[in-house]
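Okay, structure first, notes after.
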Amino acid sequence: MSASTSVVQVEGLHKSFGEREVLRGIDLTVDQGDVVCVIGPSGSGKSTLLRCVNLLEQPTAGTVRVLGTEVTDPDVDIDRVRTHVGMVFQGFNLFPHRSVLDNCTLAQRTVLKRSREEAEAVARRNLEHVGLADRAASMPGQLSGGQQQRVAIARALSMDPALMLFDEPTSALDPELVGDVLAVMRDLADAGMTMLVVTHEMAFAREVADRVVFMDDGLVVEQGTADRVIGAPTEDRTRSFLSRVLDPTHRHV
């Protein structure tokens with residue numbers, strides 16, 4: 001990493017899908033140990049931003065640096081960068097035919113070249129961290145959605161990442177399963193993990209985020225502390241969005 005403490009630096013990021021411009025000039029910095037939550041309506045470009053950070057989507061223009069490496073450089077070794085970046089998606093993406101323990105050791109052994117014994121020790125430690133030490137031998141289909149998502153987090157943590165990306169990790173879960181996943185994410189934040197989180201969980205963002213970024217229509221409309229952006233937004237678009245998602249008579253947008 002460079003001398004600065006910035007783990008992620010996004011400058012002038014644009015992304016188009018055909019004629020549709022999804023990101024229209026995004027600037028964003030995530031410093032070491034920060035938890036940055038990105039909020040905004042569906043279709044605002046939040047998930048596309050996250051996917052551009054580890055090059056799951058190829059930006060149309062702009063630069064993205066992760067851990068001091070410019071991932072938008074055509075010659076970048078993106079696989080090397082990704083070994084330091086954990087990502088948790090809306091879907092759990094577990095191998096259904098492999099046990100929980102195998103799901104958490106496979107990448108360690110193939111990418112980090114750890115022995116089976118070392119990989120299993122790391123995996124069991126992280127499964128304990130997410131409250132699933134007793135389910136190591138289970139198959140994913142035997143677990144609830146919330147448990148599968150916690151396995152996905154344990155799998156990502158088993159790679160010893162310097163950065164964790166979360167793409168609406170609770171959006172596919174039944175409401176009663178959301179709390180356990182958010183509790184694990186709170187623990188990670190308390191432990192100093194650098195996190196970039198796309199979320200619609202406003203209470204979580206308000207409680208955990210060092211900074212909240214509100215996006216709409218492919219732009220960062222405003223950003224600042226959670227108390228300021230969620231508690232006292234200055235932009236009309238932010239106020240309109242929050243009035244909808246914080247109104248108990250409305251479902252999450």
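Thinking of the chain as a set of Cα atoms, what percent of all their pairs are more than 27 Å apart? Here the long-distance tail beyond 27 Å is 37 percent of all Cα pairs in the chain.
Stretched out straight at 0.36 nm per residue, the stretch from Arg228 to Ala133 would grow longer than its current Cα-Cα span by 30.3 nm. With protein chains left intact and a 1.4 Å probe, residues in the chain average 45 Å² of accessible area per residue. Residues whose amide H lies under 5 Å from that of Gly25, counting only those 5 or more places away or on a different chain, are Leu13, His14, Lys15; hydrogens are built 1.01 Å from N in the peptide plane. Long hydrophobic helices in the chain, taken as whole DSSP H segments with a C-alpha length of 24 Å or more on their own axis and mean Kyte-Doolittle hydropathy at least 1.6, are absent. Protein heavy-atom surface of the chain, 1.4 angstrom probe: 46% of the accessible area is carbon and sulfur, with nucleic acids and ligands not counted.
With θ taken as phi - 60° and the Karplus curve 6.51 cos²θ - 1.76 cosθ + 1.60 applied, the whole-hertz 3J(HN,Hα) list for the range 24-39 is 10, x, 9, 10, 7, 10, 10, 8, 4, x, 7, 10, 10, 9, 9, 10 Hz, x standing for glycine and proline. Given in Å, the Rg to one decimal and the Dmax to the nearest whole number for the Cα atoms of the range 128-253 are 16.0, 51.
Which trypsin sites (Lys or Arg not before Pro) does the range 78-148 hold that lie in a coil by DSSP with at most 13 other beta carbons within 10 Å? Taking the range 78-148 and a limit of 13 other Cβ atoms within 10 Å, the loop trypsin sites (Lys or Arg not before Pro) found are Lys113. Tell me, how many Å apart are the Cα centres for the range 71-86 and for the range 172-194? Computed from Cα coordinates, the inter-centre distance equals 26 Å. The label point for Leu219 and the one for Thr63, both projected 7 Å from the Cα toward the Cβ, are 2.4 nm apart. Taking every alpha-carbon pair under 8 Å whose residues sit at least 6 apart, the chain reaches a relative contact order of 25 percent. Dividing the mean sequence gap of close Cα pairs (under 8 Å, 6+ apart) by how many residues the range 44-183 holds gives a relative contact order of 29 percent. Label-to-label distance for Asp236 and Glu19 is 2.8 nm, based on points extended 7 Å past Cα in the beta-carbon direction. Label-to-label distance for Leu112 and Ile78 is 2.3 nm, based on points extended 7 Å past Cα in the beta-carbon direction. Full extension of the chain segment joining Ser144 with Ala172 gains 8.9 nm, where the gain is 0.36 nm per residue of separation less the Cα-Cα distance. The overall shape of the range 64-177, judged from the alpha-carbon gyration tensor, is oblate: a/c is not under 1.5, and a/b is no greater than b/c.
The values are calculated or read from the model by the stated rules, or taken from the named source; none is laboratory data. Model, not experiment: these values are computed from the prediction. All Cβ positions, glycine included, derive from the backbone under ideal geometry; neighbour counts span all protein chains shown. Surface areas here come from the heavy atoms of the whole protein model, side chains and all, with no ligands, DNA or RNA. Shrake-Rupley method; radii C 1.70, N 1.55, O 1.52, S 1.80 Å.
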